[in-house]
Amino acid sequence: MTFRSGFACFVGRPNAGKSTLTNALVGQKVAITSGRPQTTRHTIRGIVHRPDAQLILVDTPGLHRPRTLLGERLNALVKDTLTEVDVVGFCLPADERVGPGDRFIADQMTELARDGRGTPVVAIVTKADLVGKGKLAEHLMAVQGLGDWADIVPVSAVGGYQVDVLEKVLIGHLPEGTPLYAEGELTDEPEAVMVAELVREAALEGVRDELPHSLAVVVDEIVPRDEPAAGGVPMLDVRVNLFVERDSQKAIIIGKGGARLRDVGSEARRGIEALLGARVYLDLHVKVAKDWQRDPKQLGKMGF
């Protein structure tokens, strides 16, 4: 039996369903999701194991026309990733018309095909469950007109529609090779990055539109306690800093009397405990770093 292994990268404008699709293919949460655009800021590798293949998924920030230094660095991150993968999945949501942002990315994909690497691009119509069959057919025709795609696959990550078909299509574009990761590994992201992403996901729920662009989360430390929790379960102290750009944003995160920050901590703690396999004391601090998205020094400190 021929074994295939390699890397696939999802691109698309912000909020096109890339992170949700990554999680659906892996079968477990490895990338944070949010109803807000530009949620993803790091490439997350999710690993799909099959008897005949190993598919490593690279989830990137959404490609967009940058307005800040952070936006420029996120776009550079995406373009660097595109040069290192075996197949690209271009995600376009079925419930939104093809627009200028999609055409901008389609042009980038055309340039990728012209540069000599011949990287195949699969057009993935996401959120297919949100529209009727007629509208889905119209959308598929519009997507087909955007470029010369290796394949076009409609999917619903939430409903599971054709996720298995997409998996087979992506694997079909991988080279023959041996497994790149050990059986059972689902991601190669450092624990601190995953913890920070879980906190940021919890903090983004139900806030104003401008906050996702202004919120950065950095794990200060993860320290085991000498004494375990009740029942002998390991206990960890996790200290995390949340950075925003203005005092008004700090007030949004904290909430009246600190109520919202407590809710963020409770929500994030559940995911962190599942990730780390230990009881967690989560210590959150909200700080103002004025205009950090435009400050090279502060961007460097935050890992961008």
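The values are calculated or read from the model by the stated rules, or taken from the named source; none is laboratory data. The model shown is predicted, which means the values in this text are computed figures rather than measured ones. Virtual Cβ from ideal backbone geometry, glycine too; neighbours counted across all protein chains shown.
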Tell me, yes or no, whether region 281-295 has at least one residue that is over 20 Å from the mean Cα position of the chain (by Cα) and within 13 Å of Leu198 (Cα to Cα). yes
Determine which member of the set Arg97, Arg117, Arg73 is on the phi < 0 side of the Ramachandran plot, modelled with pLDDT under 70 and assigned to a loop (DSSP other than H, G, I, E, B). Arg117
So Ile254 clears everything in (1) without any contact (Cβ under 8 Å) to a residue 40 or more places away in the chain; (2) surrounded by 14 or more Cβ atoms within 10 Å (Cβ to Cβ); (3) within 22 Å of the chain's Cα centre (by Cα) except one condition, right? Which one? (3)
Test: residue in region 139-149 that is touching a Cys at 6+ places or on another chain (Cβ under 7 Å) and either of a type in the set (Lys, Arg) or under 14 Å from Val98 (Cα atoms) (or both): no
Out of Gly99, Gly147, report the one residue that is farther than 14 Å from Phe10 by Cα and in contact with a Ser or Thr (Cβ under 9 Å, 6 or more places away or on another chain). Gly147
